[in-house]
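Before any comments, here is the structure.
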Ligand code: V07
């Protein structure tokens, strides 16, 4: 089953030192500018969202090929519910549409589909499609393709705080034992290293409530291109720039 390789290049050694620096193990992306991409072409915003889905496929392949281990994509934020109902309804169909087209190939390529965010609040048809993909890819061992759906960074932190507070209340936990490593276990990403690189497209220079805790030491790359115009070579440029950067983690350069 795993002998069929439709994505040549993935056998290249992952996240290994190659003279210029390390391949980022975990890349997070804010896929911004889909609506504006469509509007500039005189088309409805949803056309941009669908075009953005093609970019998801292209960048997933590129990430896999260069040896990235985890790709976290911000597909829908807790704030996105404020958009017009028609647009939200359309967006909530995209996970199904994407998986209908791509799940087979993701399976063949050993990709693991995952999700962070609140399933409560998502339509059941969306949850069903995503859960099926998670289930059918759970034994794969390749790239983790992690979709942030109905995700909000402050909510993630507050939910962690509440869960920890309940333990303290029940005297199962002493406040003194709460350190960063402990806290991380209560977030939605307990099994993942923090992102090494954050990419945001479309010229906006802000975090918009994305992975607030996890991005504390992350390198940022901002592209002026709209997400549907962001291609493999743009992604590789971001990865190359990352490799050249000195990661100091607040330490003094030696
Ligand atoms: C969405 C396309 C990409 C640009 C950003 C907004 C629109 C893929 C998914 C998806 C989500 C979960 C999953 C499989 C695919 C998706 C939404 C929007 C809500 F398991 N693209 N995409 N979900 N856009």
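A short reminder: the numbers here are calculations on the coordinates, not readings from a lab. As the structure is a prediction and not an experimental result, all values here were calculated from the model. Note that each Cβ is placed from the backbone with ideal geometry, even for glycine, and that neighbours are counted across all protein chains shown.
Between residue 163 and residue 120, what is the label-to-label distance in nm when each label sits 7 Å out along the Cα-to-Cβ direction?
Using points 7 Å along Cα→Cβ, the separation is 1.3 nm.
Return 74, 186 ranked ascending by Cβ neighbour count within 10 Å, so the fewest neighbours appear first.
Numbers: 74 25, 186 18.
Fewest-to-most ranking of 74, 186: 186, 74.
Below 8 Å, C-alpha to C-alpha, sequence gap of six or more: please give me the relative contact order for the chain in percent.
Numbers: 389 pairs, mean separation 69.1, N = 254.
Rounded, it is 27 percent for the chain.
Tell me the label-point distance for the pair residue 174, residue 224, using the 7 Å Cα-to-Cβ offset, in nm and rounded to one decimal.
Taking the simple label geometry, residue 174 and residue 224 are separated by 5.7 nm.
Can you sort 191, 196, 234 from fewest to most other Cβ atoms within 10 Å of each residue's own Cβ?
Details: 191 9, 196 22, 234 19.
Least to most surrounded, the residues fall as 191, 234, 196.
Dividing the convex hull volume of the Cα atoms of the chain by its residue count, what figure in Å³ per residue is obtained? Intermediate results must be reported in sequence, preceding the final value.
On the way: hull volume 37.7 nm³, N = 254.
Hull volume over Cα atoms, normalised by residue count, gives 148 Å³.
Classify the range 29-163 as rounded, prolate or oblate from the Cα gyration tensor: take a ≥ b ≥ c as the square roots of its eigenvalues, call it rounded if a/c is under 1.5, otherwise prolate when a/b beats b/c and oblate if not.
Numbers: a/c = 1.57, a/b = 1.11, b/c = 1.41.
Oblate is the answer for the range 29-163, as a/c is 1.5 or above yet b/c matches or exceeds a/b.
Calculated from DSSP H runs of 4 or more alone, at -39500 (n - 2.57) each and per residue, what is the 222 nm mean residue ellipticity of the chain, nearest 500? Walk me through the numbers before you get to the answer.
Values: 7 runs with 100 residues, N = 254.
Mean residue ellipticity at 222 nm (helix-derived): -13000 deg cm²/dmol.
Would you mind ranking 211, 92 so that the residue whose beta carbon has the fewest other beta carbons within 10 Å leads the list?
Ascending number of Cβ neighbours within 10 Å: 92, 211.
Would you mind classifying the range 41-86 by shape? Square roots of the alpha carbon gyration tensor eigenvalues, ordered a ≥ b ≥ c; an a/c under 1.5 is rounded, otherwise it is prolate if a/b is larger than b/c and oblate if not.
Values: a/c = 5.05, a/b = 1.69, b/c = 2.99.
Oblate is the answer for the range 41-86, as a/c is 1.5 or above yet b/c matches or exceeds a/b.
Compute the separation of the alpha-carbon centres of the range 170-247 and the range 27-58 and state it in Å as a whole number.
21 Å
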